[in-house]
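Visitor: This structure is in structure tokens; I'll ask about it shortly.
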Amino acid sequence: MEGFLTIAEAARRIATKDLSPVELTRHCLARIKALDGTLNSFIRVTEERALADAKAAEAAIMKSGPKGPLHGIPFGHKDIYCTAGILTTAHSKLLKDHVPREDATTVKQLADAGIVLMGKLATHEFAFGGPSFDLPWPPARNPWNPDHFTAGSSSGTGAAVAAGLILGGTGSDTGGSIRGPAALCGIAGIKPTYGLCSRAGVLPLAFSLDHAGPMAWTVEDCAILLQAMAGYDPADPASADRPVPDFRAELATGAKGLRVGVVRHFHETDHRVSDATLVGIEGALDFFRKSGATVRDVSLAPLVEWHGCNFLILVVEAFAVHEQWLRTQFNDYGELLRDRMALGGLVSGADHVQALRRRRELCAEMAAAMEDLDILVTASQPGEAPRIDAVPKWGMFEKPGFTSTFNLTGYPAISVCTGYGAGGLPVAMQLAAKPFQEPTLFRAAHAYEQAMPWRKTRPALAVKEAA
């Protein structure tokens, strides 16, 4: 087979028996063999499992038709998602021999939906320390230019999806770890509403901020994946016990009538983005206006307050998770993780309480600002991907990030490609919605994505080397 397929396209062809899941899986395995020596997006490839899954899917589909749009689709899991009988390492020396006995809830849900498991994907160590070069496995690299960064921590998923090694994958997001790699790798990635997807069996970073979610080439594909991942799970204390909507129900509705707010000061003043990123955001706002949406500016607390509050809570909660190992096996962590996470042990109880109080105030501010809005727009990342060897160790202290605002509030947020900037590297915007309004979020993002040409371009490296 030739070319790149989205999940939606592959599902349609599989349903009409025009495409074999086995053929599609072999195609993806060939791309992995051709490209992943450069990209390092996989920690391990489960080739035998993938072929077995694909053959089972094909036999079932030939007999009874597909049980849904994910049946027979090549897929990968971030290596903090526990997979029964398959190493789950969190990209860390401390778990280099860790083989879970049970699947994470979302791993089981996706398996039940019929995905083909291609393997486990690179991450930053325990979803926090990266890009690191002192771990048992190298960091993932950006397929648009392997000398450049993927962002993190769902780095392998971002790289593998962009390069067409898989059609979709799982990510986790505590401060931007789905939306960052989605932005720098030029794909779509959604952090759902807090509690929408179970985190049971997903190795934790910060319990009150962690989200599980999907990453794929298009908004529609993310909606398809979220349909399989969402749902109440009593094994996750934060899981929301509410019906799961049809996430594709509003995709064909278009942008007319949407009420869009733009937090202009976030990306123009508080942390000015690259010219290409700004052009992309302004182009998107112009699209929404021309499509019949209303667009107006929104002012919130300075970006640094959202970012600082999120980071302090994150690092304290992460230290609590890792305290025993940090005290007994400190040097078994990579340098970036141990130095960053150790900060959590230096935060006073009073400072932590003040951060929690400020979080409540900021959440109330966000709720008031969005009361008469459907969508909020700002940047996903400050610009194009930097060189991977030039990412500063303490970069999170230099300028505030754009994504953690929505971890702090738990609101759903998606990163969508808005074009290409310096060096042909992707740029992106971030769209957010009110809690559990993912169908509207997908509606807005899909309307923009369908009107633009960005999804027609794939990394030249992948096209060239797989030829």
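Visitor: Is region 264-274 home to any residue that is of a type in the set (S, T, N, Q), closer than 26 Å to ALA385 by Cα and crowded, with 21+ Cβ neighbours inside 10 Å? Steps first, answer last, please.
Guide: As a first pass, look at region 264-274 and keep what is of a type in the set (S, T, N, Q): 269, 274.
Then keep just the ones that are closer than 26 Å to ALA385 by Cα; that gives 269, 274.
With crowded, with 21+ Cβ neighbours inside 10 Å added as a condition, the list becomes none.
No, region 264-274 contains no residue that is of a type in the set (S, T, N, Q), closer than 26 Å to ALA385 by Cα and crowded, with 21+ Cβ neighbours inside 10 Å.
Visitor: Hey, among the residues in region 406-428 that are among the small types (Gly, Ala, Ser) and part of a strand (DSSP E or B), which one's farthest from TRP217 (Cα to Cα)? It would help to see each step written out before you state the result.
Guide: If we filter region 406-428 for residues that are among the small types (Gly, Ala, Ser), which is where we start, we get 410, 413, 415, 419, 421-424, 428.
Narrowing the set further to residues that are part of a strand (DSSP E or B) leaves 413, 415, 419, 428.
On the way: ALA413: 16, SER415: 11, GLY419: 14, ALA428: 13 Å.
Here the residue is ALA413.
Visitor: Now, a different point. Mind listing whichever residues of region 347-383 are open to solvent by 40 Å² or more (accessible area, probe 1.4 Å) and more than 21 Å from PHE207 (Cα to Cα)?
Guide: If the condition is that a residue be open to solvent by 40 Å² or more (accessible area, probe 1.4 Å) and more than 21 Å from PHE207 (Cα to Cα), then GLU365, ALA367, ALA368, GLU371, ASP372, GLN381, PRO382 are the ones that fit.
Visitor: Could you please let me know if ASP332 is in contact with a Lys or Arg (Cβ under 6 Å, 6 or more places away or on another chain) and buried (at least 16 other Cβ atoms within 10 Å of the Cβ)? Write out each step before concluding.
Guide: On the way: in contact with a Lys or Arg (Cβ under 6 Å, 6 or more places away or on another chain): yes; buried (at least 16 other Cβ atoms within 10 Å of the Cβ): no.
For ASP332, the condition - in contact with a Lys or Arg (Cβ under 6 Å, 6 or more places away or on another chain) and buried (at least 16 other Cβ atoms within 10 Å of the Cβ) - is not met.
Visitor: Mind telling me which of the residues GLY129, GLY164, GLY114 ends up being at pLDDT below 95 and over 19 Å from PHE406 (Cβ atoms)?
Guide: Values: GLY164 fails: at pLDDT below 95; GLY114 fails: at pLDDT below 95.
Answer to the check: GLY129.
Visitor: Ok, one more. Going by the conditions given, is THR170 under 27 Å from ALA52 (Cβ atoms) and in contact with an Asp or Glu (Cβ under 6 Å, 6 or more places away or on another chain)? Before you say what the answer is, go through the steps one by one.
Guide: Details: under 27 Å from ALA52 (Cβ atoms): yes; in contact with an Asp or Glu (Cβ under 6 Å, 6 or more places away or on another chain): no.
It is false that THR170 is under 27 Å from ALA52 (Cβ atoms) and in contact with an Asp or Glu (Cβ under 6 Å, 6 or more places away or on another chain).
Visitor: I would also like to ask the following. Could you grab me the full set of residues in region 169-183 that are over 14 Å from ILE414 (Cβ atoms) and either open to solvent by less than 10 Å² (accessible area, probe 1.4 Å) or outside any loop (DSSP other than H, G, I, E, B) (or both)?
Guide: GLY169, THR170, SER172, THR174
Yes/no per residue for (1) polar (S, T, N, Q); (2) under 21 Å from ALA228 (Cβ atoms); (3) open to solvent by 10 Å² or more (accessible area, probe 1.4 Å):
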residue: GLY129; (1), (2), (3): no, no, no
residue: ALA140; (1), (2), (3): no, no, no
residue: TRP144; (1), (2), (3): no, no, yes
residue: GLY152; (1), (2), (3): no, no, yes
residue: LEU167; (1), (2), (3): no, yes, yes
residue: ILE190; (1), (2), (3): no, yes, no
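Visitor: Search region 200-238 for residues being charged (D, E, K, R) and in contact (Cβ under 8 Å) with a residue 40 or more places away in the chain, and hand back the single one that is surrounded by the most Cβ atoms within 10 Å (Cβ to Cβ). Reasoning before the result, please.
Guide: Of all residues in region 200-238, those charged (D, E, K, R) come to 210, 220-221, 233, 236.
Still in the list and also in contact (Cβ under 8 Å) with a residue 40 or more places away in the chain: 220-221, 233, 236.
Values: GLU220: 23, ASP221: 26, ASP233: 21, ASP236: 20.
The residue in question is ASP221.
Visitor: What are the residues in region 107-127 that are open to solvent by less than 30 Å² (accessible area, probe 1.4 Å) and either assigned to a loop (DSSP other than H, G, I, E, B) or without any contact (Cβ under 8 Å) to a residue 40 or more places away in the chain (or both), if any?
Guide: ALA113, GLY114, ILE115, ALA122, THR123, HIS124, PHE126, ALA127
Visitor: Hey, another quick one. For the subset of region 384-405 comprising residues that are assigned to a helix (DSSP H, G or I) and either at pLDDT 95 or above or closer than 27 Å to THR457 by Cβ (or both), which member is most open to solvent (accessible area, probe 1.4 Å)? Steps first, answer last, please.
Guide: Narrowing region 384-405 to residues assigned to a helix (DSSP H, G or I): 388-390, 395-398, 404-405.
Imposing the further condition that a residue be either at pLDDT 95 or above or closer than 27 Å to THR457 by Cβ (or both) reduces the set to 388-390, 404-405.
On the way: ILE388: 7, ASP389: 105, ALA390: 64, SER404: 5, THR405: 0 Å².
The residue in question is ASP389.
Visitor: Given the criterion more than 30 Å from GLY421 (Cβ to Cβ), small (Gly, Ala, Ser), within 22 Å of the chain's Cα centre (by Cα) and buried (at least 22 other Cβ atoms within 10 Å of the Cβ), identify the matching residue among ALA284, ALA318.
Guide: Values: ALA284 fails: more than 30 Å from GLY421 (Cβ to Cβ).
ALA318 is the lone residue from the list that is more than 30 Å from GLY421 (Cβ to Cβ), small (Gly, Ala, Ser), within 22 Å of the chain's Cα centre (by Cα) and buried (at least 22 other Cβ atoms within 10 Å of the Cβ).
Visitor: Now a separate question. Just checking, which of SER198, SER172 is at pLDDT 95 or above, under 21 Å from PRO100 (Cα atoms), touching a strand residue (DSSP E or B) at 6+ places or on another chain (Cβ under 6 Å) and hydroxyl-bearing (Ser, Thr, Tyr)?
Guide: Among SER198, SER172, only SER172 is at pLDDT 95 or above, under 21 Å from PRO100 (Cα atoms), touching a strand residue (DSSP E or B) at 6+ places or on another chain (Cβ under 6 Å) and hydroxyl-bearing (Ser, Thr, Tyr).
Visitor: Residues being over 22 Å from LEU5 (Cα atoms) and either in a loop (DSSP other than H, G, I, E, B) or among the small types (Gly, Ala, Ser) (or both): count how many of those fall in region 45-84.
Guide: Going residue by residue through region 45-84, those that are over 22 Å from LEU5 (Cα atoms) are 48, 63-64, 79-84.
Next, only the ones that are either in a loop (DSSP other than H, G, I, E, B) or among the small types (Gly, Ala, Ser) (or both) stay: 64, 79-80, 82, 84.
Looking only at that region, the number is 5.
Visitor: Given the criteria closer than 19 Å to PHE75 by Cα, of a type in the set (Gly, Ala, Ser) and part of a loop (DSSP other than H, G, I, E, B), does SER132 qualify? Step through it out loud before you land on a result.
Guide: Working: closer than 19 Å to PHE75 by Cα: no; of a type in the set (Gly, Ala, Ser): yes; part of a loop (DSSP other than H, G, I, E, B): yes.
No; evaluated as a whole, the condition is false for this residue.
Visitor: Additional query: Just for region 2-40: of the residues that are surrounded by fewer than 16 Cβ atoms within 10 Å (Cβ to Cβ) and on the phi > 0 side of the Ramachandran plot, which one is modelled with the lowest pLDDT?
Guide: So, considering only residues that are surrounded by fewer than 16 Cβ atoms within 10 Å (Cβ to Cβ) and on the phi > 0 side of the Ramachandran plot, the one modelled with the lowest pLDDT is GLY3.
The values are calculated or read from the model by the stated rules, or taken from the named source; none is laboratory data. Not measured: the values here are computed from a predicted model. Note: ideal-geometry Cβ built from the backbone for every residue, glycine included; neighbour counts use all protein chains shown. For accessibility, only protein heavy atoms count, side chains too; no ligands or nucleic acids. Shrake-Rupley method; radii C 1.70, N 1.55, O 1.52, S 1.80 Å.
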